[in-house]
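Chemist: Below is the structure I would like to discuss, written out as structure tokens.
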There are 2 protein chains.
Amino acid sequence: MDVARSELFETGTPVACASCQARHGVVCGALSSGQLRELNRHSLRRKIEAGCEIIAQGSESSFYSNIMRGVVKLCKVMQDGRQQIVGLQFAPDFVGRPFIRESSLSAEAATDAEICVFPRNLLDRMISETPELQRSLHDQALKELDAAREWMLTLGRRTAGEKVASLLYLIATHAEPQTATSTAFDLPLSRAEIADFLGMTIETVSRQMTRLRKSGVIRIENFRHIIVPDMDELERMISA
Amino acid sequence: MDVARSELFETGTPVACASCQARHGVVCGALSSGQLRELNRHSLRRKIEAGCEIIAQGSESSFYSNIMRGVVKLCKVMQDGRQQIVGLQFAPDFVGRPFIRESSLSAEAATDAEICVFPRNLLDRMISETPELQRSLHDQALKELDAAREWMLTLGRRTAGEKVASLLYLIATHAEPQTATSTAFDLPLSRAEIADFLGMTIETVSRQMTRLRKSGVIRIENFRHIIVPDMDELERMISA
DNA sequence: GGCATGCTTTGATCTAGATCAAACAGCGAT
DNA sequence: ATCGCTGTTTGATCTAGATCAAAGCATGCC
């Protein structure tokens, strides 16, 4: 499943990141059209299968990316194998750690995804030349920080039931289309990944899911597809 | 204990932030001397007692600050009273959430502290005019993000014993002076605060502390003062 | 001093969630 | 179809850590 770093960058479909020119992506929105042209000349758009590693924990990565489609999970693992998902990213998020080459976490496609890959050196130069871009990445970092801290509260102080409800709520909120109050979406994560996000075991995740199902808060079809008839009801399970 | 927001800004010792001119503080290091002079004219240095709230969760704050001395804890509380410390900040960290007025967390002095208080409007202007400052704050945000994610791993996947060891290691690392391998420091947090940082109860914190004491990894004097004879030993307890 | 007050430690018990162990899908390959 | 594989649910039991309850121990106040 893994894709070596160099491979990721060198074997991608060599197509300029056309749709970035719209206004997708944290990066592209902040660039002048001249910069965008230069960036496009040196960037690749690449399809990534679910499970593919984009950046490996502990590695030095020589590129950044923008998520164009799909969900990416950020993960930390301990050498004894315990692991914790520390962030979920959706289009049009930026992936990569500005200013530090060695990654303290791995980034992996949770679903099939498409990303735009930029060479690190070029983008670093553009960051330093473009306050607008710096601001844009600063914004994203702060957004991720807010999300991380919200999640710390969930990890430290919520019960198993509240944790699962929090996760479903998070996903439902980011999975776009939703009718008036009811919402349907595909879970981008397996039970095992959910467990790693919530700091618990898959058995407990499963039990809490069926508890939510039996109490009518959610409906489950095909393990992955979830329907929330009433989002307010789900929100009430979280005990914000 | 609380200090109203306006009070915090209006009743501080009206002394220009002289020592910032050295190079203390995330903010001051990034400014030109002209900007620094202007900032100083509108800023206050203020002594804060342990327990004083600097920013209240849910409030709109009209200022930022720089920690000059002491430790500040960032805290989130749920309406049923459960709470979680989501960050610890030390001099010369910056306190405040750029670009968003309403705070999703509270900032409170964990120890007696000294801060420099800046009006938000002025600093926001300077941020937009000074890429160097933007970069500096971006750096701090990324540093906090790394710390938050490291802590998510601790909250989600480490045992009680590992959690306490992680906390002691974190504090020991930030409390400055340390001889070759041995380290001594004052805990900036009470047992209850430690519990809120680690997502556990004070009883469990206490038990784990005495376990570490009995196994010789730490020595405890006066509840607050800790001696770590061998930092490597402590590090081994963490199981990174 | 003597006594209230707020931490902190220690002990006894309880329980939410982990662990161990099966069954139960869904699904692609033969 | 049947087999094998992987992911999920469900059940039975166990345990780390929570909860409940009582002492210690400093510190400040009268």
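The values are calculated or read from the model by the stated rules, or taken from the named source; none is laboratory data. All figures in this text were calculated on a predicted structure; none of them were measured in a lab. No Cβ is skipped: glycine too gets one built from the backbone with ideal geometry, and neighbour counts run over all protein chains shown. Please note that ligands, DNA and RNA were not included when accessible areas were found on the heavy atoms of the full protein model with its side chains. Shrake-Rupley method; radii C 1.70, N 1.55, O 1.52, S 1.80 Å.
Chemist: Hand me the list of strands (runs of 3 or more DSSP E) wholly inside the range A:68-112 holding 1 or more residues that are among the acidic types (Asp, Glu). Can you show your working first?
Modeler: Details: elements: A:71-77, A:83-90, A:106-109.
Strands (runs of 3 or more DSSP E) meeting the threshold: A:106-109.
Chemist: Let me ask you something else. Working only within the range A:170-183, note down all residues that are within 19 Å of the chain's Cα centre (by Cα) and open to solvent by less than 60 Å² (accessible area, probe 1.4 Å). Quick ask: steps written out before the conclusion?
Modeler: Residues of the range A:170-183 that are within 19 Å of the chain's Cα centre (by Cα), as a first pass: A:170-177.
Within the range A:170-183, A:Leu170, A:Ile171, A:Ala172, A:Ala175 meet the criteria.
Chemist: More than 14 Å from every other protein chain (Cβ to nearest Cβ) and more than 9 Å from DNA strand D (Cβ to nearest atom), is that true of B:Arg236?
Modeler: Numbers: more than 14 Å from every other protein chain (Cβ to nearest Cβ): no; more than 9 Å from DNA strand D (Cβ to nearest atom): yes.
It is false that B:Arg236 is more than 14 Å from every other protein chain (Cβ to nearest Cβ) and more than 9 Å from DNA strand D (Cβ to nearest atom).
Chemist: Every residue in the range A:39-72 that is buried (at least 22 other Cβ atoms within 10 Å of the Cβ) and of a type in the set (D, E, K, R), please.
Modeler: The answer is A:Arg46, and nothing else.
Chemist: Looking at the structure I just gave you, is B:Ala195 among the aliphatic types (A, V, I, L, M), open to solvent by less than 40 Å² (accessible area, probe 1.4 Å), out of contact with any Leu (no Cβ under 7 Å at 6 or more places or on another chain) and without any contact (Cβ under 8 Å) to a residue 24 or more places away in the chain?
Modeler: Values: among the aliphatic types (A, V, I, L, M): yes; open to solvent by less than 40 Å² (accessible area, probe 1.4 Å): yes; out of contact with any Leu (no Cβ under 7 Å at 6 or more places or on another chain): yes; without any contact (Cβ under 8 Å) to a residue 24 or more places away in the chain: yes.
Considered against the rule, which asks whether it is among the aliphatic types (A, V, I, L, M), open to solvent by less than 40 Å² (accessible area, probe 1.4 Å), out of contact with any Leu (no Cβ under 7 Å at 6 or more places or on another chain) and without any contact (Cβ under 8 Å) to a residue 24 or more places away in the chain, B:Ala195 comes out as yes.
Chemist: So, one more: For a quick check of your reading: which strands (runs of 3 or more DSSP E) sit entirely within the range A:167-240 and have at least 1 residues that are more than 16 Å from DNA strand C (Cβ to nearest atom)?
Modeler: A:183-186, A:225-228
Chemist: Another one. Can A:Ser128 be described as over 16 Å from the mean Cα position of the chain (by Cα), within 16 Å of DNA strand C (Cβ to nearest atom) and of a type in the set (Gly, Ala, Ser)? Let's see the steps before the verdict.
Modeler: On the way: over 16 Å from the mean Cα position of the chain (by Cα): yes; within 16 Å of DNA strand C (Cβ to nearest atom): no; of a type in the set (Gly, Ala, Ser): yes.
No, not satisfied.
Chemist: Would you call B:Ser206 surrounded by fewer than 20 Cβ atoms within 10 Å (Cβ to Cβ), among the polar types (S, T, N, Q) and more than 10 Å from DNA strand D (Cβ to nearest atom)? Break it down into steps so the answer makes sense when it comes.
Modeler: Numbers: surrounded by fewer than 20 Cβ atoms within 10 Å (Cβ to Cβ): yes; among the polar types (S, T, N, Q): yes; more than 10 Å from DNA strand D (Cβ to nearest atom): no.
Considered against the rule, which asks whether it is surrounded by fewer than 20 Cβ atoms within 10 Å (Cβ to Cβ), among the polar types (S, T, N, Q) and more than 10 Å from DNA strand D (Cβ to nearest atom), B:Ser206 comes out as no.
Chemist: Looking at (1) open to solvent by 20 Å² or more (accessible area, probe 1.4 Å); (2) in contact with a helix residue (DSSP H, G or I) (Cβ under 6 Å, 6 or more places away or on another chain); (3) more than 10 Å from every other protein chain (Cβ to nearest Cβ), which is the one condition that is false for B:Arg224?
Modeler: (2)
Chemist: Quick check: anything in the range B:143-161 part of a strand (DSSP E or B) and hydrophobic (A, V, I, L, M, F, W, C)? So that I can check it myself, show each step before the final result.
Modeler: First, the residues of the range B:143-161 that are part of a strand (DSSP E or B): none.
Within the range B:143-161, none of the residues are part of a strand (DSSP E or B) and hydrophobic (A, V, I, L, M, F, W, C).
Chemist: Still on this structure, I have one more. Restricting the first residue to the range B:153-172 and requiring it to be touching a residue at least 12 places away in the same chain (Cβ under 8 Å) and charged (D, E, K, R), which pairs with a second residue that is surrounded by 21 or more Cβ atoms within 10 Å (Cβ to Cβ) and part of a helix (DSSP H, G or I) meet a Cβ separation below 7 Å and a spacing of at least six or different chains?
Modeler: Going by the 7 Å Cβ cut-off, the qualifying pairs are B:Arg158/B:Ser166; B:Lys163/B:Thr154; B:Lys163/B:Leu198.
Chemist: Please determine, by comparing only the residues of the range B:143-169 that are within 14 Å of another protein chain (Cβ to nearest Cβ), within 15 Å of the chain's Cα centre (by Cα) and among the hydrophobic types (A, V, I, L, M, F, W, C), which one is most open to solvent (accessible area, probe 1.4 Å).
Modeler: Taking the candidates together, the pick is B:Ala147.
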